[in-house]
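Asker: Structure incoming, see below.
The values are calculated or read from the model by the stated rules, or taken from the named source; none is laboratory data. Because the structure is a prediction, the values reported are computed rather than measured. Using ideal geometry, Cβ is built from the backbone for each residue, glycine included, and neighbour counts are taken over all protein chains shown. All accessible areas refer to the heavy atoms of the entire protein, side chains included, with ligands and DNA or RNA removed. Shrake-Rupley method; radii C 1.70, N 1.55, O 1.52, S 1.80 Å.
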Amino acid sequence: MTNRPEPVTNPPALRQDLAAAFRLCHRFGWSESVGNHFSAAISDDGRRFLLNRRWQHFATIKPGDLLELDVDAPPDMDGPDAPDRSAWAVHGTLHREAPQARVVLHCHSPYATALACLKNPTLLPIDNNTARFFGRVGYDLEFGGISDSEAEGAHLVKALGDKSVLVMGNHGVTITGESVANAFEDLYFFEKAAQTLILARSTGQPISILDDAIAMNTAEGWRAYRGMGVRHFDYLKSTLDREEPDWRG
């Protein structure tokens, strides 16, 4: 028998951060009915992870509502605490095959989804925010309907590759990161970047695209500002504390 790595602890802070991400996603207008899914690994190998249960509205999720799942112990998909089938297929496969993706945020935010629906959904570097993601985005242009099979999960892992963002053609966006705060910050900036590009395209005027060297330099320059994500997320959680004081459970 192969010994598996010991699971890391499941600190309350991780549950709280992931619960906050759901609620903040709804506040920003990026939620969609009771669908979409966020997850966070709680073991070093990514095989154990937190995930929202099936069809619970983002605005109601508390830390204690999050499921603790193991890719080696499939849950009862018809039970009261079952995850959504597509969430299990995609997030389970991503955490198993790409353990470096500690946090996986998938949603259909308006501008990112609009970008994903273009014939060419490439996020062009035209300003600081779009250039932030230069060289960091993978593209899956083979939409096949609801992603509810392990084969589709494996397909998405391949499309993501060594990138941290996946634009899912005709679908939406998936952001990965090493923490909830940093992944949420990328989700926030990716939506702003997509908005800028969509608005620029909507003018019908030629777009001024940064050359690769400038775009790469800008992307590298963002590294010095990585602390922004934690500070921003802390502020956003403080708004939940004031306006939804029961969110921590």
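Matching residues to (1) of a type in the set (A, V, I, L, M); (2) in a strand (DSSP E or B); (3) touching an Asp or Glu at 6+ places or on another chain (Cβ under 7 Å):
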| site | (1), (2), (3) |
| --- | --- |
| 33 | no, no, no |
| 46 | no, no, no |
| 54 | no, no, yes |
| 68 | no, yes, no |
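Asker: Right, here's the next one. For region 160-249, which helices (runs of 4 or more DSSP H) that fit wholly inside it have 2 or more residues that are crowded, with 22+ Cβ neighbours inside 10 Å?
Answerer: On the way: elements: 180-202, 212-221, 227-243.
Ranges flagged: 180-202.
Asker: With (1) aliphatic (A, V, I, L, M); (2) over 18 Å from residue 41 (Cβ atoms); (3) modelled with pLDDT under 95 as the list, and residue 198 as the residue in question, which single condition is left unmet?
Answerer: (3)
Asker: Here is a check on your reading of the model: is residue 75 over 24 Å from residue 151 (Cα atoms), open to solvent by 10 Å² or more (accessible area, probe 1.4 Å), more than 16 Å from the chain's Cα centre (by Cα) and at pLDDT below 95? Give the derivation first.
Answerer: Numbers: over 24 Å from residue 151 (Cα atoms): no; open to solvent by 10 Å² or more (accessible area, probe 1.4 Å): yes; more than 16 Å from the chain's Cα centre (by Cα): yes; at pLDDT below 95: yes.
Considered against the rule, which asks whether it is over 24 Å from residue 151 (Cα atoms), open to solvent by 10 Å² or more (accessible area, probe 1.4 Å), more than 16 Å from the chain's Cα centre (by Cα) and at pLDDT below 95, residue 75 comes out as no.
Asker: Among the candidates 156, 141, 187, single out the residue that is at pLDDT 95 or above and under 25 Å from residue 113 (Cβ atoms).
Answerer: Details: 156 fails: at pLDDT 95 or above; 141 fails: at pLDDT 95 or above.
The unique qualifying residue is 187.
Asker: Take the conditions touching a Pro at 6+ places or on another chain (Cβ under 9 Å) and surrounded by fewer than 18 Cβ atoms within 10 Å (Cβ to Cβ) and apply them to residue 141. Does it pass?
Answerer: Numbers: touching a Pro at 6+ places or on another chain (Cβ under 9 Å): yes; surrounded by fewer than 18 Cβ atoms within 10 Å (Cβ to Cβ): yes.
When the stated conditions are applied, residue 141 passes them.
Asker: Out of curiosity, is residue 133 crowded, with 19+ Cβ neighbours inside 10 Å and not polar (S, T, N, Q)? Before the answer, list the steps.
Answerer: Numbers: crowded, with 19+ Cβ neighbours inside 10 Å: yes; not polar (S, T, N, Q): yes.
Considered against the rule, which asks whether it is crowded, with 19+ Cβ neighbours inside 10 Å and not polar (S, T, N, Q), residue 133 comes out as yes.
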